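Worksheet: the structure to be examined is printed underneath.
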Amino acid sequence: MKLNCGLTADCTELLVGAKEDGTYYIKQNKPSYGENVFVTIITREGYYPQMMTVRPGVYMVPEQTEGQAEVIYMDDIQAPVSQVEVVEILPQEESTDSILSSEIVVVGGRGALEDDNFTLVKEFADKIGAAIGGTRPMVDTGTIPFDHQIGQTGLTIRPKICISLGVSGAIQHTEGIKDTKLFVAVNTDENAAIFKVADYGIQADLREVLENYMKL
């Protein structure tokens, strides 16, 4: 069915506003222009329905309740012939769902890219049964896939425990982890912004911390 409406995709927040005439509209907040700006989109007056998608993890999924929905049967609907050709299907190494559903997530930053640190990060994550996410530099270098990026232009996660390794703490990243129940950060810089949002901070080299833990 053609709805004749637009779609705002990948929103990080939805807000409902009211006009003087009693009608409502939805403020659709999302990052844009390669994360350089944060925009608010409002559908033009008189255009309904209004459609948008929200990034996984932004809102908690409500508990399922019993209910009934009206079923409308529509006849004589003819879908156009698709011009899309599937050339190749590639398997995904690890599902995004593993990060969204994991109770423990290890997040690597620029510090995890130094030397052979990321190999140690993966060994650490395997030992504690954690999923692995990362910041933008981890994605840009191909160390992790894009759908494992945490932040405004990636995933928003709510694990029970998040362990941040070598992450500076830019706001674009911390927006994706601000609702973590227990947040531990490791960074060599005592003034790193990540310590302002962490429940526990360790000023140390992440390699030294992980090597000592792996010996236990």
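Points worth noting:
- Between 78, 152, 172, the residue with the greatest mean-square fluctuation in the GNM of the chain (Cα pairs under 10 Å linked by springs) is 78.
- Protection proxy ranking of 52-58, 82-88, by the mean of other Cβ atoms within 10 Å over each peptide's residues and highest first, is 52-58, 82-88.
- Of the accessible area of region 63-216, computed with a 1.4 Å probe over protein heavy atoms only, carbon and sulfur atoms account for 49 percent.
- Overall dimensions of region 1-130 by Cα: Rg and Dmax, Å: 21.6, 62
- Cβ-Cβ distance of residue 24 and residue 82, R₀ of 35 Å, FRET efficiency by 1/(1 + (r/R0)^6): the value works out to about 0.45.
- Lys, Arg +1 and Asp, Glu -1 on Cβ, resulting dipole of the chain about Cα centre, debye, nearest 20: 540 debye
- Of all stretches in the chain that contain no trypsin sites (Lys or Arg not before Pro) in a DSSP loop with at most 10 other Cβ atoms within 10 Å, the longest one is 45-214.
- Gain upon complete extension [residue 4, residue 51; 0.36 nm per residue less C-alpha separation]: 15.9 nm
- The mean accessible area for residues of the chain, using a 1.4 Å probe and ignoring ligands and nucleic acids, is 68 Å² per residue.
- Within-14-Å neighbourhood charge of residue 160 [Cβ basis; K, R +1; D, E -1]: -1
- Think of region 59-184 as having a plus end and a minus end, set by charges on the Cβ of Lys, Arg, Asp and Glu; of 109, 83, 72, 109 sits farthest toward the positive end of this dipole.
- Over 28 Å (Cα to Cα) - which of 30/127; 127/181; 30/160; 27/160; 2/30 fall in this group: 30/127; 27/160
- Built amide H within the under 5 Å cut-off of residue 176, gap 5+: 151, 152
- Calculated from backbone phi, Karplus (6.51, -1.76, 1.60) coupling profile of region 104-117 in Hz, x at Gly/Pro: 10, 10, 9, 10, x, x, 4, x, 6, 8, 6, 6, 10, 4
The values are calculated or read from the model by the stated rules, or taken from the named source; none is laboratory data. Keep in mind that what you see is a predicted model, and the values were worked out from it rather than measured. Using ideal geometry, Cβ is built from the backbone for each residue, glycine included, and neighbour counts are taken over all protein chains shown. Ligands, DNA and RNA are excluded from the accessible area calculation, which covers all protein heavy atoms including side chains. Shrake-Rupley method; radii C 1.70, N 1.55, O 1.52, S 1.80 Å.
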